[in-house]
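Let me begin by presenting the structure, written as structure tokens, before commenting on it.
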Amino acid sequence: MELTSISHVGPKTEKLFQKLGVTDCESLRMYYPIHYDEYLPPVAAKAAVPGSKCAVTGHIARAVVVRQVRNMKIAVTEISDPTGKIRLTWYNAPFMRTVLKRGAVYIFRGNVGIRGGTRVMEHPEIYTPEQYDEKLRTLSPVYALTKGLSNNMVIKAVQGAFDLLPPVREYLPEQIVKLLGLMDETEAARFIHFPRTEEELNKARKRLAFDEFFLFILAMRKLKDSEEVLTNEFPMKETWDTEELIDALPYRLTRAQEDAWHEIEADLKGKKLMSRLLQGDVGSGKTILAFLAMEMAASNGYQSALMAPTEVLARQHFEKLRKLAGERKIRNLTPVLLTGSMKAAEKREALFSIASGEANAIIGTHALIQDSVKYKALALVITDEQHRFGVCQRKALSEKGSPPNMMVMSATPIPRTLGVIYYGDMDVSIIDELPKERLPVKNCVVDPSYRPKAFDFIAKQIGGGRQAYIICPMIEESEGLEAENVLDYTKKIRRQLPDVRVGMLHGRMKAREKDEIMEAFASGDIQLLVSTTVIEVGVDVPNATVMMIENAERFGLATLHQLRGRVGRGSFQSYCIFMAGQESEDIKKRLDILKESHSGFEIAEKDFEMRGPGDLLGIRQSGDAMFKIADIARDGDVLKTAGETTAAIMEEDPGLIDEEHELLKKKLEEYIASNERSIVL
Ligand code: ADP
Ligand code: MG
């Protein structure tokens with residue numbers, strides 16, 4: 001249903017929603033809050049710390065004064081208690097004089113600031129004590145916004161969407177919902193937006209997390225079951241070529257890399273088709289193992305394909321492999337690149353060499369599994385950074401010949417027990433060790449007063465030939481969220497560092513644009529990249545030595561860990577500057593965890609323990625993640641339940657033909673249709 005069906009939503013507001021990826025009432029209903037604001041009991045004036053949001057009780061002792069400053073009317077009053085005082089101001093709202101009755105008591109709620117040594121609240125919300133009592137402990141949703149769209153507008157629109165649309169239907173058999181103690185789907189859909197209590201929020205969140213895992217696993221099982229052939233039609237032998245390649249590397253493989261390589265090698269030699277997950281933290285060196293497997297396939301006269309989530313990453317892998325092959329002057333490895341944005345002539349040439357078998361190490365993006373690609377003898381398919389991009393159904397590929405061996409590489413930290421559910425019956429190799437020669441990244445936590453120094457430092461590093469990243473939590477200015485944003489920051493830093501070539505990157509840019517920017521950064525054309533967390537995945541620019549994260553307090557530890565992993569990849573000393581907009585004590589404490597632990601999973605788990613209920617969803621702007629709500633680190637138990645439920649249903653009614661599974665079947669079909677490209681097999 002069109003957004004404009006909602007009253008108060010006109011074409012202009014519709015456009016703003018479209019910017020956020022919300023195109024109709026249905027998608028609006030699934031535009032979940034990024035966190036929740038809790039109405040806490042009022043605090044004493046002294047406890048209203050600048051930088052925090054709180055409620056204070058105020059007695060209006062004197063009438064509100066309205067001052068004229070230039071062309072603006074400013075209404076001012078002061079409230080005080082024995083512990084201190086706070087000034088309240090409203091711009092262009094002279095009517096406040098009559099709204100606030102002299103002698104009355106109100107609760108004022110808002111962001112506390114400081115002006116000339118005095119605590120201030122601008123445009124606070126106003127409640128009578130009775131009204132506030134009713135609000136107390138309730139949670140109000142906070143949405144990711146865009147300029148021109150306020151949080152209140154989104155709240156009203158979401159309510160409107162609920163009024164217009166038929167209720168979300170429960171698709172699970174009643175007895176499963178009861179047995180698992182799940183919140184009903186109809187309720188969960190509403191309470192994720194408008195929970196009355198924290199408990200309600202948690203239950204709604206848990207239910208939706210369950211749905212995400214459950215449908216994902218069920219879809220995976222369904223698609224997999226329809227695939228029968230499991231014998232390896234591409235028997236391979238061990239080859240000296242891989243040993244030579246290992247010897248020719250400028251470094252020695254870590255023990256963990258060697259172990260994983262032997263497992264991969266054994267798979268490829270085996271009679272059974274390979275289905276292996278190669279998991280290793282950022283920078284653990286997964287790529288070289290992919291190259292070794294590709295070399296082994298080539299030596300045995302077969303083709304292999306390596307699929308990357310972005311063109312930048314694909315190109316990067318391709319250049320690396322080509323260099324490696326060239327340096328060793330090996331004749332049996334012929335890499336070719338195939339991406340969606342290549343020119344028609346280039347593409348034709350690549351396709352031809354793939355079909356003829358001349359190219360035997362094919363690197364690319366999604367384009368690799370399109371119908372136009374005909375392989376001569378595709379024996380092995382490797383998917384890189386699966387959690388961001390998914391894909392690769394053996395089925396889709398097997399239509400082009402015998403089904404190939406599959407390897408998936410991922411940096412998503414997940415313990416073995418959960419991995420079994422999540423990745424189905426894939427075998428798992430874990431690289432649990434980082435190369436030793438790396439210089440550890442130097443960390444520091446600073447407050448914004450340090451920013452000029454940080455800029456100087458970055459300019460110096462760039463002057464010395466290095467590159468740097470600056471990460472902001474937001475894409476653009478957003479009402480109600482005080483955080484740096486990429487658009488304004490880029491403008492600011494271009495003014496401050498006019499000699500530096502600055503680029504910017506964020507999730508709302510087109511894929512093609514993003515790739516161009518990353519390409520320019522990888523080649524050194526861009527020296528300083530201002531970005532949201534979209535750069536989190538995969539890219540390896542060893543020349544980048546500074547990672548500065550603005551509003552570091554707004555990110556989860558797991559994300560900070562991934563971001564930090566973007567530097568310290570080369571031989572230069574690297575630095576990570578965590579700029580804490582506020583609560584620097586808290587971020588310091590959290591950072592200690594980062595220093596102590598090198599296991600991404602442990603970090604993610606501890607992170608959730610430290611976060612409050614309001615931060616349940618964190619800031620997620622990317623919108624392209626497989627799961628919007630579920631998180632493996634936090635929802636391990638939900639994942640387990642979802643896995644067990646799937647197993648039970650598949651045993652009882654694999655075809656979902658029972659009447660009680662009718663709605664489930666429909667839901668699953670819809671799910672598969674809209675997620676087909678992201679389900680890994
Ligand atoms: P990831 O596992 O995150 O994909 P990469 O494969 O991109 O990591 O490797 C990160 C960097 O480490 C690359 O520049 C790679 O050449 C280098 N590298 C890989 N293995 C080793 C090793 N054993 N010793 C030193 N450097 C290594
Ligand atoms: Mg990688």
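What the table below lists for this structure:
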item: Condition met for residue 335 (at pLDDT 90 or above and buried (at least 17 other Cβ atoms within 10 Å of the Cβ)); result: yes
item: Residue satisfying condition, being buried (at least 16 other Cβ atoms within 10 Å of the Cβ) and in contact (Cβ under 8 Å) with a residue 24 or more places away in the chain, within set 124, 129; result: 124
item: One residue from 326, 340 being of a type outside the set (Lys, Arg), modelled with pLDDT under 90, more than 34 Å from the chain's Cα centre (by Cα) and over 22 Å from residue 402 (Cβ atoms); result: 326
item: Residues located in region 49-71, provided they are within 33 Å of the chain's Cα centre (by Cα) and modelled with pLDDT of 85 or more; result: 54, 55
item: Region 447-501, residues that are of a type in the set (S, T, N, Q) and buried (at least 18 other Cβ atoms within 10 Å of the Cβ); result: 461, 467, 478, 485, 490
item: Enumeration of residues in region 645-671 that are surrounded by fewer than 14 Cβ atoms within 10 Å (Cβ to Cβ) and charged (D, E, K, R); result: 651, 652, 658, 659, 660, 662, 666, 669, 670
item: Inter-residue pairs, beta-carbon under 8 Å, first outside the structural domain of residue 423 (by TED's automatic domain parsing) and under 12 Å from residue 205 (Cβ atoms) and in region 627-640, second part of a loop (DSSP other than H, G, I, E, B) and at pLDDT 85 or above, 6+ apart; result: 628/30; 628/32; 629/32; 629/192
item: Test: residue in region 414-424 that is modelled with pLDDT under 80, within 20 Å of residue 261 (Cβ to Cβ) and within 16 Å of ligand 1 (Cβ to nearest atom); result: no
item: Enumeration of residues in region 274-319 that are in a loop (DSSP other than H, G, I, E, B) and away from ligand 2 (no atom under 14 Å from the Cβ); result: 274, 300, 301, 302
item: Test set (1) away from ligand 1 (no atom under 16 Å from the Cβ); (2) closer than 23 Å to residue 571 by Cβ; (3) not small (Gly, Ala, Ser) - residue 498 fails condition number; result: (2)
item: Candidate set: region 267-288, residues that are within 10 Å of ligand 1 (Cβ to nearest atom) and at pLDDT 90 or above; chosen: the one surrounded by the most Cβ atoms within 10 Å (Cβ to Cβ); result: 278
item: Helices (runs of 4 or more DSSP H) contained entirely in region 471-575, each with at least 1 residues that are among the aromatic types (Phe, Trp, Tyr); result: 486-496, 511-522
item: Residue among 270, 285, 301 that alone is under 24 Å from residue 563 (Cβ atoms) and of a type in the set (Gly, Ala, Ser); result: 285
item: Segments classed as strands (runs of 3 or more DSSP E), wholly inside region 42-142, with at least 3 members that are of a type in the set (A, V, I, L, M, F, W, C); result: 53-59, 65-69, 72-81, 84-91, 105-115
item: Long-range neighbours under 8 Å by Cβ, at least six apart or interchain, first residue assigned by TED's automatic domain parsing to the domain that holds residue 287 and closer than 11 Å to residue 303 by Cα within region 346-365, second of a type in the set (D, E, K, R) and surrounded by fewer than 14 Cβ atoms within 10 Å (Cβ to Cβ); result: 354/374; 355/374
item: Breaking point among (1) closer than 30 Å to residue 54 by Cα; (2) touching a residue at least 60 places away in the same chain (Cβ under 8 Å), for residue 43; result: (2)
item: Contacts under 7 angstrom Cβ, first residue in region 434-461 being within 16 Å of ligand 2 (Cβ to nearest atom), partner among the small types (Gly, Ala, Ser), 6 or more apart; result: 434/283; 434/284; 435/285; 438/568
item: Where residue 359 falls short, out of the listed (1) buried (at least 22 other Cβ atoms within 10 Å of the Cβ); (2) at pLDDT below 95; (3) more than 16 Å from ligand 1 (Cβ to nearest atom); result: (2)
item: Residues that are over 20 Å from residue 377 (Cα atoms) and touching a residue at least 60 places away in the same chain (Cβ under 8 Å), drawn from region 296-319; result: 308, 309, 310, 311, 312, 313, 315, 316, 317
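The values are calculated or read from the model by the stated rules, or taken from the named source; none is laboratory data. This is a predicted model, so every value here is computed, not measured. All Cβ positions, even for glycine, are placed from backbone atoms using ideal geometry, and neighbour counts span all protein chains on display.
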